[in-house]
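One structure is given here, and the rest of the page talks about it.
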Amino acid sequence: MQPESNLAQERRSKARFPLRLTVRYRIVSGGPALIGVGRTVNMSSGGLLIASEETEVPTGARLQLTVDWPFLLHGITPLQLIVACRVTRCEPEEFAVKLDQYLFRTKKR
């Protein structure tokens, strides 16, 4: 029997990109009030993996994330990615979220 290829074993439908960006998050439902800071490990158009040393985030909780975007609008204005999402998996030092909605906002300097 031949081992399956990595492509056949991959369950994700969207490509993930290894980006290390600062992220702030807060629970908006599904658990006690929690505010935390972390860094993205990777991201796709459908989800993010976030590393954080904060208290464990409960699976199923709805979060609002604010990600400091690495590119400037028109080369001048800083941007933030604002995300509404749900926690799909939680491990001791990282958690995964599935995106429900997102938008970009300009950030004050």
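Annotation for residue 79 and residue 28: the two label points, set 7 Å from Cα along the Cα-Cβ direction, are 2.0 nm apart. Equivalent-ellipsoid semi-axes for the chain (Cα gyration tensor, √(5λ), whole Å, largest first): 25, 20, 12. With a Förster radius of 30 Å, plug the Cβ-Cβ distance of residue 42 and residue 106 into 1/(1 + (r/R0)^6) and report the FRET value to the nearest 0.05. Computed FRET efficiency for residue 42 and residue 106 comes out at 0.75.
Bear in mind that the values in this text are calculations on the coordinates, not laboratory data. Predicted model only: the values in this text are computed from it and were never measured. No Cβ is skipped: glycine too gets one built from the backbone with ideal geometry, and neighbour counts run over all protein chains shown.
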